[in-house]
Every structure is written in C-alpha cells, then in structure tokens.
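Take a look at the structure below.
The values are calculated or read from the model by the stated rules, or taken from the named source; none is laboratory data. Remember, it's a predicted structure, so these values are computed and weren't measured experimentally. Here the Cβ positions follow ideal geometry from the backbone for every residue, glycine too, while neighbour counts run over all protein chains shown. Areas reflect the complete protein model, heavy atoms only, side chains present, ligands, DNA and RNA absent. Shrake-Rupley method; radii C 1.70, N 1.55, O 1.52, S 1.80 Å.
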Amino acid sequence: PSCKVFFAKDPLKIVRAQGQYMFDEKGEKYLDCINNVAHVGHSHPDVIKAATKQMELLNTNSRFLHDNLVQYAQRLTATLPEKLSVCYFVNSGSEANDLALRLARQYHGHQDVITLENAYHGHVTSLIDISPYKFNQLGKDSKKEFVHVAPSPDIYRGKYREDHPDPASAYAEEVKKIIEETQKNGRKIAAFIAESMQSCGGQVIPPVGYFQKVAEYVRAAGGVFIADEVQVGFGRVGKHFWAFQLQGEDFVPDIVTMGKPIGNGHPMSCVVTTREIAESFGASGLEYFNTFGGNPVSCAIGLAVLDVIEKEDLQGNATRVGNYLLELLAEQKGKHPLVGDIRGVGLFVGVDLVKDQQKRTPATAEALHLIYKLKERQILLSADGPHRNILKFKPPMCFTTEDAKHVVETIDALLTEMEEATGMKTENNASTNAQCKRKTTEGSSQPEGANESIGHMNGAACRQENGLYSKKRSVPSKRIRT
C-alpha cells in the first residue's frame, strides 16, 4: 500500500511510448506533460542505438579504464563553470544527493544541513531526513536535530511576496538567522541544499540573487552550497543548460547533483564538485566505489543524450515552446478565477489553482478533478505542491507549440465547465489582463516581471475580484496525490 501509481482511481497501463506520447494496452495515445525523465523524448532512436551498440561490446564496472567514462566526464563538465571539474558517477538522483551530503560533511567535518520548506531530495534515509515534503508526513517530531528548515523562496505564497522590495535578500536573511541560531547552540553547518527550482514544492522559482547571498552566508559558516538539478537540469530552462544559472553568472555552487534526464530513463546520475572538496573526501581514507556508476553503457547513453540536446536544439525548443505555453496560460489567468498564478521558465511551468485570487486559497480538490478530466481527454498532467493544487508542466523536451495549444485549450474548456457547475463568476477583467502582459523583443506576449524567460503572473496589478464556490460542489474532495 505504500507504493502508489499515477491516477490511482483509474490507473493507466502503458505499453510503449514515442517522443512526447505514451500508448496504453488498447493503443490509445496520451500526450505526456509529466515526464521529465524521458528528457529528449521516449524511445529516442539515437539513445537506443548508442545503448545497444555498447551493450554488444562491453558492460562492466568502472574499475576498468574505458574511454566512455572519460569522454562523458569531459562533455559534462564543459557545460559547467570551470571550478566544477570532478565527477562521481552513480545511479539515481537519490544516490547523487546522498553522496553530496557525504562530500559536504567530510569537507570541514560539520554535520548540520539547511534545507527548504517543502523540499524533496530523494528516498533514502539520509534524504528523507532533509526533505520536509516527506518527513512532515510523519508528524511534528519527525525533524532531526541536525536539520534546519528555511522558508521556501516563494514570492507568490511565501513569507515575502512579489510586493516586497527585495525578496531575494529577505529570504536569504532567514537562512542567515538559522546559521546564527545554530552556531549559538554549538552546532556547525555542513551544507545548504536546494533544488535550483523547487518541483515537488510547487514549481517555485527563487528570486534572482537569492542563491548568491545564501552561498555567502553558508560559506562563511564553513558550509557548502549544493544545487540539486535532478529535476530541472540539462537545458530544461531553455536559455541555460543548468537552472542554477538563472541566478546569474556570479553564482557557482560547490556541488551539483544530477539525475532523471541525464540518461533519458536509463538509471544514471552524477555528482560534480570542486577539486578541493573531492580531495578532502579522498583524504578521509575511505575508498569510494560504485559498481554500476559510470559503466560503459550508461556513459554511452549519456553521450547520446547530450548529442540529441545539441543536434535537435532542444534548449531552443524549450525557450520557444515554454514562452508560448506561458503566453497561453497567462490568457487563462485573465479568463478564469480558478487560476491564481502562472510561473515558469522553459519547459518547467506551474499553474497555481485557487478558490479565491485575493486570498490565494489553494484549490486542492479542483486540481485533482482537473487532472482526472484531462486524463479522460488523453492528456497526462500532475498536481503537486504542499497543497496539491499546482499543475506541473515538465514534459519531454520535444514538446511542441501544437501540444501546448492543445493542452491549454483543453484546460480552458474544463475550467469553464467547473466554474459554471459551481457558480463561480467567470468575468474576464480585460484591463487587468492587459496590465499583466508585455511584449517581448520578438513581439510575442509575455508575463510581466519575466526575467530570462521566467514568467510569474501575480501581484496586485495582476489580480481580479472573483466569486466564491457555492457550498455545494461537484468536484471530489478526497486528496489523492498524482
């Protein structure tokens, strides 16, 4: 019973997939808006060919020399800032984050970790300990003494919102306060860990400058900054290869962890760090070995994924399609009282559903109802966040403008049905909607406040009055995670 599936009330049996589509045992085709694992598309022929070719020759552990390992490490580190130059290959995002914690704790001998509200970093014990998204489900006494939780840098629902003059500094000061309090209690910070953009936490994009300030405070306390790119790396944000680069060229993490998209579904992941941290880890005298990490087949697949991203200009596609998707969703915010905020960058987009745009009351049951209705129309989308009210777009990178248009048109129709069924007002405040949009240099319409293709449709200027749900509802109230 602890093992869950998507759409638990009516689960899907998927037997094959291609590109951005999945097919069930009856041959029905579903548009996949969920799968950030099949990064370059399901069953990509180039990835399959690379895997098959290498399997026919050799697959063994990484204690034997092999060109694929070195070539992949060179290709991977070439995408990162120069000081991030040492790779440890492992098999999953959880393994990568667990190893990152070991590296951080060995570096200066400190133990404590600062994490963010609603963060999720993996399923092994060490990571459940630093994942409030998980350990909060176990009760109020589940947080370990060495774990410190900082506010999520969410400018829509968080402590400091879009009307704050400098939310990046304000959220960073919260981390500084934690460090100071921790030191008063005789404890020492080993690491601050954060997803470069929070996924399970609700598609949260940190304000620019936040990571720089946090890194300054953490390093001054003898800790390191770990950027978790497991969900959002490898060009998903479009303009940059890594999501942490949205913070600016002056920000460089001490450790970067990767997973999911790295192998397009093949179990592969990596930790990249500085030579200084790696040498400190080696000085412990404890040998590090991973049987399957960096094996020839995994590295051949990893190389093929990098080739496809470049050859098919998937970063450019993420920017073009992501901007178009944000534009279409911004129009829905103007039309539907249920839509509270649109935020995203590239092909990482969240739609925050609310019962009241002024109060920002999470529309949890409505989000669940919507994703099941989308499934009936053969569109696969998920809802997440602390209130399970955020629609999450993180599709394969081959997602097209036609796909985006189809999904948003379907959401538009379903929201209209829901609002009519519940008596919610659907008046479109045209003037407010106009204020919430601006023209990009290319002439396409973009959300106000966009920074490097980041859309964040919120703020006093982007709110409108709306009616409330009547007491009688037609949507299910049971919370089922998808």
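All but one of (1) over 19 Å from THR291 (Cα atoms); (2) buried (at least 16 other Cβ atoms within 10 Å of the Cβ); (3) without any contact (Cβ under 8 Å) to a residue 60 or more places away in the chain hold for PRO45, so report the exception by its number.
That leaves (2) as the condition not met.
Somewhere in region 400-421, is a residue of a type in the set (Ser, Thr, Tyr), assigned to a loop (DSSP other than H, G, I, E, B) and either modelled with pLDDT of 95 or more or in contact with a strand residue (DSSP E or B) (Cβ under 8 Å, 6 or more places away or on another chain) (or both)?
Taking every residue of region 400-421 in turn, at least one turns out to be of a type in the set (Ser, Thr, Tyr), assigned to a loop (DSSP other than H, G, I, E, B) and either modelled with pLDDT of 95 or more or in contact with a strand residue (DSSP E or B) (Cβ under 8 Å, 6 or more places away or on another chain) (or both).
Where in region 134-248 are the strands (runs of 3 or more DSSP E), entirely inside, with at least 2 residues that are in the same structural domain as GLY263 (by the TED database) and buried (at least 24 other Cβ atoms within 10 Å of the Cβ)? I'd like the intermediate steps shown before the answer.
On the way: elements: 147-150, 189-195, 224-228.
Output list reads 189-195, 224-228.
Would you mind telling me which numbered condition in (1) modelled with pLDDT of 95 or more; (2) open to solvent by 20 Å² or more (accessible area, probe 1.4 Å); (3) of a type in the set (S, T, N, Q); (4) closer than 19 Å to PHE289 by Cα GLN71 fails?
(4)
Do we have any residue at all in region 115-130 that's of a type outside the set (S, T, N, Q), surrounded by fewer than 18 Cβ atoms within 10 Å (Cβ to Cβ), assigned by the TED database to the domain that holds ALA190 and not in a strand (DSSP E or B)?
Residues of region 115-130 that are of a type outside the set (S, T, N, Q), as a first pass: 116-117, 119-124, 127-130.
Filter once more, keeping what is surrounded by fewer than 18 Cβ atoms within 10 Å (Cβ to Cβ): 123-124.
Now drop any that are not assigned by the TED database to the domain that holds ALA190, which leaves 123-124.
Applying the additional criterion that residues be not in a strand (DSSP E or B) yields 123-124.
There is at least one residue in region 115-130 that is of a type outside the set (S, T, N, Q), surrounded by fewer than 18 Cβ atoms within 10 Å (Cβ to Cβ), assigned by the TED database to the domain that holds ALA190 and not in a strand (DSSP E or B).
Report the residue count in region 96-106 for those that are open to solvent by 10 Å² or more (accessible area, probe 1.4 Å) and in contact with a strand residue (DSSP E or B) (Cβ under 6 Å, 6 or more places away or on another chain).
1
List every residue pair whose Cβ atoms sit under 6 Å apart, with the two residues 6 or more apart in sequence or on different chains, where the first one lies in region 378-393 and is closer than 11 Å to ASP352 by Cβ and in a loop (DSSP other than H, G, I, E, B) and the second, anywhere, is open to solvent by 10 Å² or more (accessible area, probe 1.4 Å) and β-branched (Val, Ile, Thr).
Going by the 6 Å Cβ cut-off, the qualifying pairs are HIS387/THR364; ASN389/THR364.
Applying the selection to region 355-377, what residues are open to solvent by less than 30 Å² (accessible area, probe 1.4 Å) and in a loop (DSSP other than H, G, I, E, B)?
Hits for region 355-377 are GLN357, ARG360, ALA363.
Can you list residue pairs whose Cβ atoms sit under 7 Å apart, with the first residue in region 120-136 being under 20 Å from GLN203 (Cβ atoms) and the second being assigned to a helix (DSSP H, G or I) and of a type in the set (Asp, Glu)? Count only pairs 6 or more apart in sequence or on different chains.
GLY122/ASP98
Going by the conditions given, is ILE34 of a type outside the set (Phe, Trp, Tyr) and in a loop (DSSP other than H, G, I, E, B)?
Details: of a type outside the set (Phe, Trp, Tyr): yes; in a loop (DSSP other than H, G, I, E, B): yes.
Against the criterion (of a type outside the set (Phe, Trp, Tyr) and in a loop (DSSP other than H, G, I, E, B)), ILE34 qualifies.
Given VAL305, VAL321, which one is assigned by the TED database to the domain that holds ARG157, under 17 Å from VAL232 (Cα atoms) and open to solvent by less than 10 Å² (accessible area, probe 1.4 Å)?
VAL305
For LYS4, which of the numbered conditions (1) open to solvent by less than 50 Å² (accessible area, probe 1.4 Å); (2) closer than 23 Å to GLY202 by Cβ; (3) out of contact with any Ser or Thr (no Cβ under 7 Å at 6 or more places or on another chain) fails to hold?
Just one mismatch for LYS4, condition (1).
Out of curiosity, is VAL70 over 18 Å from PHE234 (Cβ atoms) and of a type in the set (A, V, I, L, M, F, W, C)?
When the stated conditions are applied, VAL70 passes them.
Counting only residues that are in contact (Cβ under 8 Å) with a residue 24 or more places away in the chain and of a type in the set (D, E, K, R), which one in region 7-28 is surrounded by the fewest Cβ atoms within 10 Å (Cβ to Cβ)?
The extreme case among them is ASP10.
Select, from GLY302, GLY265, GLY322, the only residue that is of a type in the set (Gly, Ala, Ser) and in a loop (DSSP other than H, G, I, E, B). Break it down into steps so the answer makes sense when it comes.
On the way: GLY302 fails: in a loop (DSSP other than H, G, I, E, B); GLY322 fails: in a loop (DSSP other than H, G, I, E, B).
None of the other options fit; the residue is GLY265.
Considering only region 67-77, I want to know if a residue exists there that is in contact with an Asp or Glu (Cβ under 7 Å, 6 or more places away or on another chain), β-branched (Val, Ile, Thr) and not in a loop (DSSP other than H, G, I, E, B). Give the derivation first.
We begin by selecting, within region 67-77, every residue in contact with an Asp or Glu (Cβ under 7 Å, 6 or more places away or on another chain); these are none.
Checked region 67-77: no residue is in contact with an Asp or Glu (Cβ under 7 Å, 6 or more places away or on another chain), β-branched (Val, Ile, Thr) and not in a loop (DSSP other than H, G, I, E, B).
Does LYS83 qualify as being under 20 Å from SER196 (Cα atoms), touching a residue at least 60 places away in the same chain (Cβ under 8 Å) and of a type in the set (Lys, Arg)?
yes
Output the number of the condition that GLU327 fails; it satisfies all remaining conditions of (1) within 20 Å of MET197 (Cβ to Cβ); (2) part of a loop (DSSP other than H, G, I, E, B); (3) touching a strand residue (DSSP E or B) at 6+ places or on another chain (Cβ under 6 Å).
Single failed check for GLU327: (2).
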